[in-house]
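Input: a single structure, listed below in structure tokens.
The values are calculated or read from the model by the stated rules, or taken from the named source; none is laboratory data. As the structure is a computational prediction, the values presented were derived from the model and not from experiment. So basically every Cβ, Gly included, is an ideal-geometry build from the backbone, and we count neighbours across all protein chains shown. Side chains are part of the model used for accessible areas, which takes the heavy atoms of the whole protein and leaves out ligands, DNA and RNA. Shrake-Rupley method; radii C 1.70, N 1.55, O 1.52, S 1.80 Å.
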Amino acid sequence: IRTVHAMARRRISIMGHSQGGMSMRWALRFWPDTRVMVDDVIGFSGSNHGTTVLRPSECSDGCPPADWQQIAGSNFIKALNSRAETFAGISCTETYTHTDEVVQPNSGPKASAALHTGSGAITNVATQQICPADLYEHLEIGTIDPVAYALAVDALRHTGPANAARIPRSVCS
């Protein structure tokens, strides 16, 4: 964040997918000086509240640190979301999919990817809110999903987070 901000000489936008969606939030949470450098945070199926797919008991024989960190209720998740999830002056767009097989739960008010607290402007959008038949899953939302791409572009082109109402339904085809 510091390097790109210095090169750009203006506030920057940062994007992340899956655990990368949490990494950028980690920097903003624990290095507060970076907050004034960031305009937009755009996440694609970030496991912001962990995942219920993997349980600690399944790691008894050992798991990579990334797996431990993404378990719902892990110390990493608790620290990441301590105090506030977003910060004043930063627009946050979190795009997720109901067909995500990794970041779960993936729907409803407790969707793991969704952001809820803090003073940043927040938009949480499931791709199915725009295209009900969208079947792109965890890996694809960060790479080839046209709905996720349209939301990211919308967030970058407008002040504030993405607005699902501005996304043309033509992205569904």
A88 fails exactly one of the following numbered conditions: (1) in contact (Cβ under 8 Å) with a residue 60 or more places away in the chain; (2) open to solvent by 60 Å² or more (accessible area, probe 1.4 Å). What is the number of that condition? (1)
Restricting attention to segment 2-27, the residues that are within 24 Å of A72 (Cβ to Cβ) and over 13 Å from the mean Cα position of the chain (by Cα) number exactly 1
Reported set for segment 57-67 where residues are assigned to a helix (DSSP H, G or I) and within 23 Å of the chain's Cα centre (by Cα) is P65, A66, D67
Residue check, V153 against (1) closer than 23 Å to A66 by Cα; (2) open to solvent by 10 Å² or more (accessible area, probe 1.4 Å); (3) aliphatic (A, V, I, L, M), all met but one. Which one? (1)
Residues (open to solvent by less than 80 Å² (accessible area, probe 1.4 Å), out of contact with any Cys (no Cβ under 6 Å at 6 or more places or on another chain), under 22 Å from P105 (Cα atoms) and not acidic (D, E)) located in segment 125-150: V125, A126, T127, Q128, I130, Y136, H138, I141, G142, A148
For segment 65-102, name all the residues that are within 13 Å of H138 (Cβ to Cβ) and modelled with pLDDT of 95 or more. T95, Y96, T97, H98, T99, D100, E101
